Amino acid sequence: MKAANFIINNAERTPDASEEKMRSTLAQAHFWRAYAYYCLVQTWGKGPIMLEEEINYEAQLNSVEEMYDLIIEDLKIAEAGTPIRYTDEPYGRNGVNYAASQGAVKAMMAYICMSMAGWPLNRGVEYYQLAAAKAKEVIDGSENGTYYYSLYLTKF
């Protein structure tokens, strides 16, 4: 989280960075911060939300709801800033993505919404529907060729 916060808070100061490179770098930082906070909230429940680079050992614990709200906020930024597929290094090399793409962000958003629908937030049907809609975006995108995902089926 500290590294993601550093990027989020300081990327704008990078000289000669293109707008597209800046957007995708910030999107990656928001994605990985969301992922880290999701792991934290799933493991411990309440936790400190730190949005600066320094570590505060006296930080108060935030509610599970506040943590999920930050996760969703970060994922929305990541979804808007990640491309469908990276083609340039360091995020894309030899036709392979080494960073979270738009489809990965949408899939994670579906997973997070599923978590929010049930315990401990119990946000219910609305969040199950949000999860289904995001998952459908990924499925439809892979079926129509927008995303490069596919199922690998084997026979045992």
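Points to keep in mind about this one:
- Selection of the stretch 44-73 for residues being more than 14 Å from the chain's Cα centre (by Cα) and within 30 Å of Tyr86 (Cβ to Cβ) yields Ile49, Met50, Leu51, Glu52, Glu53.
- One residue from Lys106, Lys134, Lys76 being touching an Asp or Glu at 6+ places or on another chain (Cβ under 6 Å) and closer than 23 Å to His30 by Cα: Lys106
- Restricting attention to the stretch 124-152, the residues that are of a type in the set (Ser, Thr, Tyr) and touching a Cys at 6+ places or on another chain (Cβ under 7 Å) total 1.
- Test: residue in the stretch 45-66 that is in contact with an Asp or Glu (Cβ under 6 Å, 6 or more places away or on another chain) and at pLDDT 95 or above: no
- Of all residues in the stretch 42-67, those that are in contact (Cβ under 8 Å) with a residue 12 or more places away in the chain and among the basic types (Lys, Arg) have Cβ atoms under 9 Å from Cβ atoms of residues that are outside any strand (DSSP E or B) and open to solvent by less than 50 Å² (accessible area, probe 1.4 Å), 6 or more apart or on another chain, in Lys46/Ser63; Lys46/Val64; Lys46/Met67.
- Tally, over the stretch 75-102, of residues that are in contact with a strand residue (DSSP E or B) (Cβ under 9 Å, 6 or more places away or on another chain) and aliphatic (A, V, I, L, M): 1
- Residue in the stretch 34-41 that is more than 15 Å from Glu66 (Cα to Cα), free of Cβ contacts under 8 Å to residues at least 40 places away in the same chain and of a type in the set (Ser, Thr, Tyr) present: no
- Residue tally, condition open to solvent by 80 Å² or more (accessible area, probe 1.4 Å), outside any loop (DSSP other than H, G, I, E, B) and either on the phi > 0 side of the Ramachandran plot or not hydroxyl-bearing (Ser, Thr, Tyr) (or both), over the stretch 10-69: 11
- Scanning the stretch 101-120 for residues that are closer than 21 Å to Glu66 by Cα, open to solvent by less than 40 Å² (accessible area, probe 1.4 Å) and in contact (Cβ under 8 Å) with a residue 12 or more places away in the chain yields a total of 10.
- Residue under evaluation Arg85, criteria (1) under 21 Å from His30 (Cβ atoms); (2) crowded, with 17+ Cβ neighbours inside 10 Å, criterion not met: (2)
The values are calculated or read from the model by the stated rules, or taken from the named source; none is laboratory data. Predicted, not measured: the structure shown is a model, and the values here were computed from it. Here the Cβ is made from the backbone with ideal geometry for all residues, glycine too, and neighbour counts use every protein chain on show. Just the protein is used for accessible areas: all its heavy atoms, side chains included, with ligands, DNA and RNA removed. Shrake-Rupley method; radii C 1.70, N 1.55, O 1.52, S 1.80 Å.
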